[in-house]
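The values are calculated or read from the model by the stated rules, or taken from the named source; none is laboratory data. Just so it is clear, the model here is predicted, and its values are computed rather than measured. FYI the Cβ positions are ideal-geometry reconstructions off the backbone, even for glycines, and counts take in every protein chain you see.
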Amino acid sequence: MELRHLEVFVAVAEELSFTRASARLHLVQSGVSSAIKALERDLGAALFDRDRHRVMLTDAGQVLLPEARATLAAAQAARDAVSQAQGGLRGTVTIGTMLSTGPLDLPGLLGRFHQTHPGVTVKLRMSASGSAGLAREVLDGSLDLAVMSLPAPAPAGLSLRQVAEEPLVAVGQPGHPLAAGRATIAELAAEPFIDYPPGWGTRAFADRAFAAAGLDREVLFEAAEFTVAVNLVRGGLGVAFLPASVAASYGAGLAVIEISDHAFTWVVSVAVPSDRRLSAAARALLAELPASPAEPSGAELPASPAPTPQATPTSLIAVADSG
């Protein structure tokens, strides 16, 4: 079994297309097909069901995919270790993030990393499925680590470390009756809500708070962008939660609803796999993330080597994830 065959397999599995995998790998399509056939011969199993219209993983392919990713990651870690020993950290780190990371200045952090580790290529990815989608991508190896927002405890296979937190602010249209005084969580629950899709961190923290209080609420509108949520609130269609930093940036003129009997808090964490070792480059990036006093999962994350200043620019690649 050859590493290059596993690399081709992962590309086809992620693209679910031999044509797109060929373009991604800069190989002719016949070379992609030959590599897959060779791997299937080595393993004695078909890895894909394919016809003219679709490509799907077989059961054997689904089992192989996480193992193939882990094998390729281990091989890359070995290369990175040798490169580092020869002078300078190198490699690629794929990090997931949310629309907002609150008080955590992720662009500034990546800029500092850019200056310190020029030999490292950083790929930044967002998930249409929110923090839940980021968690799945860390678990399956698509991401090395992710800045996300999930209530504790951490999902099996993940370690979480809190890096920031801020209040979730309840807002309504200008002049909303509940903004005239201090409202209770029960009074807030009776209002129609504008919220984010299931899987988003802010949604998860709000849902958990209402469930813990034994309250149901009705989410009439779901929005995948803060500006959309704010505009729906301005239109008088419901109330919404915004992270405090987002409310300060986008919520001018909205009525802030103070809650007298509950404090809604949004926690931002970094997630890494608990069952596989990070590359040296990923550990170096992890070390740049702040450590908040509170650790929601109680898990310890891998230590990182001290940064080594370099001279040429790190490559930063932003990748939009379609889901």
Single unsatisfied condition, Gln173 versus (1) surrounded by fewer than 19 Cβ atoms within 10 Å (Cβ to Cβ); (2) in the same structural domain as Ala229 (by TED's automatic domain parsing); (3) under 30 Å from the mean Cα position of the chain (by Cα); (4) closer than 29 Å to Leu104 by Cα: (3)
Residues of the stretch 98-131 that turn out to be among the hydrophobic types (A, V, I, L, M, F, W, C) and in a strand (DSSP E or B), as a count: 4
Filtered residue count, the stretch 243-263, keeping only those that are in contact (Cβ under 8 Å) with a residue 60 or more places away in the chain and either on the phi > 0 side of the Ramachandran plot or touching a Phe, Trp or Tyr at 6+ places or on another chain (Cβ under 7 Å) (or both): 3
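Scanning the stretch 55-81 for residues that are part of a helix (DSSP H, G or I) and of a type in the set (S, T, N, Q), which turns out modelled with the lowest pLDDT? Before the answer, list the steps.
First pass over the stretch 55-81, keeping only residues part of a helix (DSSP H, G or I): 59-81.
Those still in the list that are of a type in the set (S, T, N, Q) too: 62, 71, 76.
Values: Gln62: 93, Thr71: 89, Gln76: 78.
The qualifying residue modelled with the lowest pLDDT is Gln76.
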Residues of the stretch 218-253 satisfying the condition of being closer than 9 Å to Val169 by Cβ and not small (Gly, Ala, Ser): Phe241, Leu242, Pro243, Val246
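Can you name every residue in the stretch 186-233 that is among the acidic types (Asp, Glu) and more than 18 Å from Ser127 (Cα to Cα)? Full working, then the answer.
Kept after step one, since they are among the acidic types (Asp, Glu), are these residues of the stretch 186-233: 187, 191, 195, 207, 216, 218, 222, 225.
Result: Glu187, Glu191, Asp207, Asp216, Glu218.
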Hits in the stretch 258-285 (condition: aliphatic (A, V, I, L, M) and closer than 20 Å to Ala132 by Cα): Val267, Val268, Val270, Ala271, Val272
Elements of type helices (runs of 4 or more DSSP H) in the stretch 148-257, at least 3 residues being farther than 27 Å from Gly133 by Cβ and modelled with pLDDT of 95 or more: 185-189
Odd one out for Ser269 among (1) small (Gly, Ala, Ser); (2) outside any strand (DSSP E or B); (3) modelled with pLDDT of 90 or more: (2)
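Quick one: would you say Leu143 is touching a residue at least 60 places away in the same chain (Cβ under 8 Å), surrounded by 19 or more Cβ atoms within 10 Å (Cβ to Cβ) and not aromatic (Phe, Trp, Tyr)?
no
Could you say whether any residue in the stretch 66-88 is of a type in the set (D, E, K, R), free of Cβ contacts under 8 Å to residues at least 40 places away in the same chain and surrounded by 15 or more Cβ atoms within 10 Å (Cβ to Cβ)? If you could, list the steps in order and put the result at the bottom.
Pass one, the stretch 66-88, residues of a type in the set (D, E, K, R): 67, 69, 79-80.
Imposing the further condition that a residue be free of Cβ contacts under 8 Å to residues at least 40 places away in the same chain reduces the set to 67, 79.
Next, from what is left, pick out any that are surrounded by 15 or more Cβ atoms within 10 Å (Cβ to Cβ): none.
Looking for residues that are of a type in the set (D, E, K, R), free of Cβ contacts under 8 Å to residues at least 40 places away in the same chain and surrounded by 15 or more Cβ atoms within 10 Å (Cβ to Cβ), one finds none in the stretch 66-88, hence no.
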Residue match in the stretch 271-288 (condition: without any contact (Cβ under 8 Å) to a residue 24 or more places away in the chain and under 30 Å from His117 (Cα atoms)): yes
Checking Asp105 against (1) closer than 23 Å to Ser269 by Cα; (2) surrounded by 15 or more Cβ atoms within 10 Å (Cβ to Cβ); (3) of a type in the set (Asp, Glu), the condition it does not meet: (2)
Odd one out for Ala211, checked against (1) buried (at least 18 other Cβ atoms within 10 Å of the Cβ); (2) of a type in the set (A, V, I, L, M, F, W, C); (3) over 15 Å from the mean Cα position of the chain (by Cα): (1)
